[in-house]
1. For the chain, what is the percent of antiparallel DSSP beta bridges, rounded to the nearest 5?
2. Out of LEU258, ALA216, ALA237, whose Cα points farthest toward the positive end of the dipole of the range 192-268 (charges: +1 Lys, Arg; -1 Asp, Glu; placed on Cβ)?
3. If packing is taken as the average count of other Cβ atoms within 10 Å, what order do 279-286, 500-507 fall into, highest mean first?
4. Would you mind computing the Rg to Rh ratio of the range 123-275 from its alpha-carbon coordinates, Kirkwood style for Rh?
5. Roughly how far apart, in whole Å, are the Cα centres of the range 545-597 and the range 1-73?
6. May I ask you to give the percent of accessible area on the chain that is carbon plus sulfur, with a probe radius of 1.4 Å?
7. Among GLY103, PRO367, ALA480, whose Cα sits farthest toward the positive end of the charge dipole of the chain (+1 at Cβ of Lys/Arg, -1 at Cβ of Asp/Glu, about the Cα centre)?
8. How big is D, in µm² s⁻¹, for the range 1-159 by Stokes-Einstein at 10 °C and 1.306 mPa s if Rh is the Kirkwood radius over C-alpha pairs?
Amino acid sequence: MNLSDRARAYGIQPDYEVVGGTIRTPPPETLEKLLRAFGADQLAPPASEPRLEAPEGAQCFLPGEHRHWGIALQLYQLRSARNWGIGDFADLEHLARVAAPAGADFLGLNPLHALFLADPARCSPFSPSNRRFLNPLYLAIDHVPGFTPDMADEATLDGLRQTPLVDYPGVAAAKLSTLRAIWAQGAQLPDDFVQEGGKALHRHALFEALSAEMVARGHGAGWLAWPEEWRDAEGPAVQDFAQTHEDQIRFHLWLQYLCAQQLQALRRLCDDLGMQIGLYLDFAVGEAADGSGSWGSRNVLPDVRIGAPPDYFNEQGQDWGLAPLSPLAMASEHAAPFRSLIGAATRQAGALRIDHAMGLWQLFLMPEGASAAEGTYARYPLGDMLTALAEASRRNRTVIIGEDLGNVPPGFQAVMAACNILSYRIFFFERTEAGFIPPADYPRNALACLSTHDLPTFRGWWRGDDIALRRRFGFISDTAALEQETSRRSERADLLADLRAAGLLSAADAKQATPGDAPPALITAVHAHLSRAPSRLFAVRLEDLAAELNPVNVPSTVDDYPNWRHKLGLSLDALTATPLFHDIITAVSAARPGARA
């Protein structure tokens, strides 16, 4: 059997198609390295080749016949007079009390997955240590039983609140020191919570305790940077540490208990306020290779990275630095590892967005030492994964949204539709040669929105700031930038014409919409326009309600841009009192009155 045929037998694609129909062929070294990483020298290939079709009975839960809307936000961005320099679960309660009476049926959040407490500067919510557990930095410390005001250093907290960017190390130091003080006073950790979490919860808590110890010794927070004897989660060094550091491990168990309690309290509040969906959470496509999720797990490939092939936005492709679940493990165990993960995620949410939903069918993978331009796709057992997803969705009454952007294989969206997975329709992308697709033509089973975390705010898009950033960081050539700027001029003109034709923008307001900036009337009008779509869900981005300019994330940058750190310019109280916030919410609520009308 030649190399291409052998790779294909293991689900590794010896060639692949990108947007536009171009066929790309990875170098032979990529196929060889992926085969070794998959364990092909010891493991037989899957018994059957996955097929791009919906399995019988794999239908996800749907939210009824009404057209719901909600607010999508990055939790860390929220400002308030009481938080500790980062948005927290109590801030969300405040926002829910404002949004629900206005008709909102959900609050959409960035992934809340556990990151690295011992290295809080690793702050990307899409590069988690473990997708099964939560990030304790989102705890509202003043809502923790046992907290008293004298435990807080108000001068420190005021400093953390005032920074334009989240100071993750400062926030972590302030919160963890206070939480340790509360724990030392005899905080309660229920046995049933620990028992229900089982081995996975204990291992995560052990990892966090050991990670802190390793950082204190001058090593990294992730297990790949630890001395060899500590990399084995079942090894004698780790077991000795667990026996001698039980209190530290129980502290981290307690942190997860507090997170679960505050998140569930927030869900109950959303229910009490009449929100039909409540919390809409995000499920990252993978985990950091050196996090607690991969530590000691045979289901994760730490020497392989997930990314994306070269495209319109990045001519070099993207390396997301995430470790994938093993396709062979998924096939041999009928997607049991994914079933466990997605079951836990759906129990926490009324709606769940699957980041890069095409990963249910295939992921773009790069072996150690390969660039994104040298990667290729590997197939997963789609039938088993969709069955697990649909069962978890129905059991927990969780709406599933699939982020179907980028290089979407032909036929994949039809499979999503057959499984009642809502498509993710972003206005900026819904365009043909004739102009923007009218919102009236959007699919019923979809979530519609203007933009998302990897894209510019509406003001930034209108000004073309995203093109300038791609050019500045070398993701596109000067020629490509000029072409995109020309296209953007056409897009602006088309949008103004559409809004005028829809009766949503006056001639006077249209004249004020210069290329230099988008006035409030334009921002309100485009939200009113898109909210008319028949799609089941519509998300209003909080950054657009606040008329923010800077993007929260510029994909493929690490230290070049302060990703995941920008706070909103206004506090929640000030933001919700602005005319723009009121005008957009009023327009959207009028277009989508929902079940409570």
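The values are calculated or read from the model by the stated rules, or taken from the named source; none is laboratory data. Everything numeric here is computed off the predicted structure, so don't read it as measured data. As a convention, Cβ positions derive from the backbone with ideal geometry for all residues, glycine included, and neighbour counts pool all protein chains shown. Ligands, DNA and RNA are excluded from the accessible area calculation, which covers all protein heavy atoms including side chains. Shrake-Rupley method; radii C 1.70, N 1.55, O 1.52, S 1.80 Å.
1. The antiparallel fraction comes to roughly 45 percent.
2. It is LEU258, whose Cα lies furthest towards the positive end.
3. 279-286, 500-507
4. Numbers: Rg = 16.8 Å, Rh = 17.2 Å.
For the range 123-275, the value is 0.98.
5. 35
6. 50
7. Sorting the options by dipole projection puts first GLY103.
8. Working: Rh = 21.2 Å.
After rounding, the answer is 75 µm²/s.
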